[in-house]
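The values are calculated or read from the model by the stated rules, or taken from the named source; none is laboratory data. The shown structure was predicted, so the numbers you read here are calculated from the model rather than taken from an experiment. Positions of Cβ are generated from backbone atoms using ideal geometry, with glycine treated the same way; all protein chains shown enter the neighbour counts. Protein only, heavy atoms only, side chains kept; ligands, DNA and RNA dropped before computing areas. Shrake-Rupley method; radii C 1.70, N 1.55, O 1.52, S 1.80 Å.
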Amino acid sequence: MTKTLDVITIGRSSVDLYGAQVGGRLEDMGGFHKYIGGSPTNIAAGTARLGLKSALITRVGDEHMGRFIREELAREGVNVEGVKTDPERLTALVILGIRDQHQFPLIFYRENCADMALDESDIDEAFIASSRSIVVTGTHLSHARTEAAVLKALKFAKKHGLQCALDIDYRPNLWGLSGHGDGENRFIASDAVTAKLQNHLHYFDLIVGTEEEFHIAGGTSDTVAALRAVRAVSKATLVCKRGAMGAVAFTGAVPDSLDDGESGPGFPIEVFNVLGAGDGFFSGLLKGWLTGQNWPTSLMYANACGAFAVSRHGCTPAYPSWEELQFFLKRGVKEKALRKDRELEQIHWATNRKGDWSTMRVFAFDHRMQLEDIPGADPKKIGKFKELCLEAAAKVADGKPGYGLLCDSRLGRDALYAAAGQGLWIGRPVEWPGSRPLTLEPEIGPDFGGLDEWPLDHVVKVLCFYHPDDTAEMKAEQEAVVTRLFHACRRNRLEFLLEVIPSKVAPVNDQTTADIITRFYDIGVYPDWWKLEPMTTEAAWKAASNAITTRDPHTRGIVVLGLGSGESELAESFSEAARHPLVRGFAVGRTIFAEPARKWMAGEVTDAAAVDEMAGNFDRLCKVWDKARAAAEKGSA
């Protein structure tokens, strides 16, 4: 049958709760970051980031954490057909921390967890046959039920000609050899575990492990002897990870010295966090192995991916995209603490963002000052009206992709809360309306710590009235706020949208906006999104687009704002903007809501009538944009 997948991983799937503070005990952690975890889950995501078509077979609970894993895997591009929902058991959790460069305490919460309920009924022959390879991890050989499921998958794999790989992934306490507080322990000798592993090693074409993991697989603490014991029962290529010394591959007889195996170049970097490094390594190795690279090249990929992993916080979030890996291999190490390499971190962030927002039809009702000025308006009525705006946006979107909203939390909190989970792009302003020099809403706080409370799918939007002819003092003050806000967004894992409107400050020409864009890049601000006023000439749009793409080829793009223009004026500006591919769409507000808001605040129309009128206005603008884009694409074909 047709092979639609490159690799299926099988086994553990958990939620990792990573201590946000570094250098302290788990007992002293004040907060945690939530990531997907478990070796097969990490490898599935890691290989997807490198461009392989990956899938996972596991079980998750029928609750919030299980849904998180499923949704996060889908965002990473992993096929989740094999992720089954267990109606009785909870999703596994792992609590982890970074004590120092040598100690990484962790606690497994896996008592009767969902992934350990995986059984033979979860293994579908057609699904296995659709892949070129499968990857098994050692933990699921530790219990009879999961072992039976793994063996069924391996037998189907052999029947259909798949390549089979084993990550020994030895955790003694997951084999019942030590207590809950011993999660960090990587080795306890066990004849029973050795015998279990050796019973199944003959199935595999590739076996990967650390020296200690080969010690358990081979039944001896002499690494060469252990590798030879594994070789005695398996023809697999053996890849032995040696920490800072890199890794070696043995395709045939094991020599007297590990140094005589095939190896790839290593990377001298600072170790920050070893947790998940092996899964990153395996992801890179699979990329090479499954694309037909030789072992030195495959090991180079693996070593580089492992280097990324040990340099960053978290497991899956640390793994590189294919674009990032290629850049790193070409450029090399400039800063041994890779997480502090700004050029590399920008590529990491930009090429691993989730979601397809190549089309943006955004209803902007984040206005505060303009709504407060309407006769009859008060904060309570404005909040209710913003809920009606959300209804209108959702009515037009109707579950289709490419729609969004801009809404504030000071007056529009309830609408903002209600927007969650509807599949809409959500932008949220932070500037104090009309401020120049730029100041922020009080909720952000003087330390910008208010961003810590934001959901990760909210995009931070800031409007800055900035012009190249501003005084040096005005520029410095505004640039300082924008720069600090940008870095606060990155620290809080939030996307950043920078809106600039120079025409409200002073006259503009075709180069004005491009000069502003260049200036912000020059001071180290890399917005995920740009929101720009409607420019009327092709030269102005070209200059702005070129200023962005030459500095940030991975940008999300531009949305064009409306400035309260009428529909006919917007149609004209959309026609010009849509000719430039970097413009993804629009974010327009007053054209949609101004008249309905006036009538609703005065009690002249019902809620339903206001929603219908705004939905009609929004829908017409969406059609105008889509028509303009289609015409532009047809004209360039």
>> Placing unit charges on C-beta atoms (Lys and Arg positive, Asp and Glu negative, everything else neutral), compute the dipole magnitude of the range 372-518 about its Cα centre in debye, rounded to 20.
In response: 440
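Using the Cα centre of the range 1-122 as the reference point, and only Cβ charges (+1 on K/R, -1 on D/E), how large is the resulting charge dipole? Debye, rounded to the nearest 20.
Numbers: 14 positive and 18 negative charges, 77 e Å.
For the range 1-122, the charge dipole is close to 360 debye.
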>> As a test of the formula, what do you get for the chain when each DSSP H run with n ≥ 4 contributes -39,500 (n - 2.57) and the sum is divided by the residue count, at 222 nm and rounded to the nearest 500 deg cm²/dmol?
In response: -12500 deg cm²/dmol
>> I'd like the chymotrypsin sites (Phe, Trp or Tyr not before Pro) in the range 325-422 restricted to DSSP loop residues with at most 16 other Cβ atoms within 10 Å, sorted by number.
In response: none
>> Could you work out the relative contact order of the range 338-412? I mean the mean sequence separation of Cα pairs under 8 Å and 6+ apart, divided by the number of residues, in percent.
In response: 42
> On a 0 to 90 degree scale, rounded to 10, what angle separates helix 607-636 from the longest Cα axis of the chain?
Replying inline: 70
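Roughly what % of DSSP beta bridges within the range 400-510 run antiparallel, to the nearest 5? Spell out each step's value before the answer.
Details: 1 of 13 bridges.
So the antiparallel bridges in the range 400-510 amount to around 10 percent.
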>> Per residue, how large is the accessible surface of the chain? Use a 1.4 angstrom probe and give square angstrom.
In response: 40
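Going through the range 333-412, which GluC sites (Glu not before Pro) have at most 16 other Cβ atoms within 10 Å and a DSSP loop state? Mind dumping the intermediate values first?
On the way: sites: Glu335, Glu343, Glu345, Glu372, Glu387, Glu391; in loops: Glu335.
Taking the range 333-412 and a limit of 16 other Cβ atoms within 10 Å, the loop GluC sites (Glu not before Pro) found are Glu335.
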> Put +1 on the Cβ of each Lys and Arg and -1 on the Cβ of each Asp and Glu in the range 110-266; which of Gln198, Pro172, Leu162 then has its Cα farthest toward the positive end of the dipole?
Replying inline: Leu162
>> Please report the antiparallel percentage of the DSSP beta bridges confined to the chain, to the nearest 5.
In response: 20
> For the range 478-530 and the range 279-358, what is the separation of their Cα centres, given in Å?
Replying inline: 28
> Could you give the alpha-carbon Rg of the range 74-150 over 2.2 N^0.38 Å, rounded to two decimals?
Replying inline: 1.34
> Of Ser283, Gln293, Gly264, which is farthest on the positive side of the dipole of the range 250-317, counting Cα position, with +1 on Lys and Arg Cβ, -1 on Asp and Glu Cβ, and the Cα centre as origin?
Replying inline: Ser283
>> What's the magnitude of the charge dipole for the range 520-570 around its Cα centre, counting Lys and Arg as +1 and Asp and Glu as -1 at the beta-carbon? Answer in Debye, nearest 20.
In response: 180
> Any idea which of Met535, Thr512, Thr606 is furthest toward the positive side of the dipole for the range 511-628, if Lys and Arg beta-carbons carry +1 and Asp and Glu beta-carbons -1?
Replying inline: Thr512
>> For the chain, take the longest principal axis of its alpha carbons; what is the angle in degrees between that and the long axis of helix 379-397, to the nearest 10 within 0 to 90?
In response: 60
> Residues with amide H under 5 Å of Lys84's amide H, sequence separation 5 or more or different chain, H placed in the peptide plane at 1.01 Å from N; which?
Replying inline: Thr58, Arg59, Val60
> Convex hull over the Cα atoms of the range 270-394, averaged projected area in nm²?
Replying inline: 12.0
>> Please list, ordered by chain and number, the residues whose modelled amide H lies under 5 Å from the amide H of Ala247; skip anything fewer than 5 residues away on the same chain.
In response: Arg242, Gly264
